[in-house]
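Taken together, the values in this text are just the output of simple stated rules run on the coordinates, not laboratory data. Given the structure is predicted, the values throughout are model-derived calculations rather than measurements. No Cβ is skipped: glycine too gets one built from the backbone with ideal geometry, and neighbour counts run over all protein chains shown.
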Amino acid sequence: MRIAIASDHAAVDLKAALAEWLREQGHDVNDLGPQAGESVDYPDYGYKLAGEIAAGRAERGIALCGSGIGISIAVNRHPALRCALVSEPLSATLCREHNDANAIAMGARLIGLDMAKACVTAFLTTDFGGDRHVRRVGKLGTPPVPAQID
């Protein structure tokens, strides 16, 4: 699978470890940076990751920052992206199965490498459930109008 991965300075080490592990698993990994621990702005890297997926250069994305919150917000600014903040494998599974998430975010200050690997494994191996979820995911692409909200 083609996977884009990006972080801010707080998650450079976790990003490097996950990228290496993913390559060992046979995935094509595009590390979008940064490569060092100098202070950077997480939105810049979240936008880069979203652009890679939206352009079709990656099938899935992994976004990392200190908490995972900021970069997930940045990724989700792109209308083609559905990025879920996850901290354990069940949320990583459900974001794929129910929400057809094409990216996950994790917080390097909140999650260890082993749990991050478990989340990534769940995210990459779970298929979208389709069925009743298709209608709901379809509504994520555009803001709802009041008449659509019951």
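If the segment from Arg23 to Ala54 were pulled out straight at 0.36 nm per residue, it would be longer than the present Cα-Cα gap by 9.0 nm.
With respect to the chain, whose longest principal axis is taken over its alpha-carbon atoms, helix 113-125 is tilted by about 40°. Comparing Cα centroids, the stretch 1-54 and the stretch 100-118 end up 12 angstrom apart.
The slack between Leu90 and Gln35, meaning 0.36 nm per residue of separation minus the straight C-alpha distance, is 16.8 nm.
With the cut-off at under 20 Å, measuring from each backbone N in the stretch 21-43 to a point 7 Å along the Cα-to-Cβ line of Arg109 picks out 34-43.
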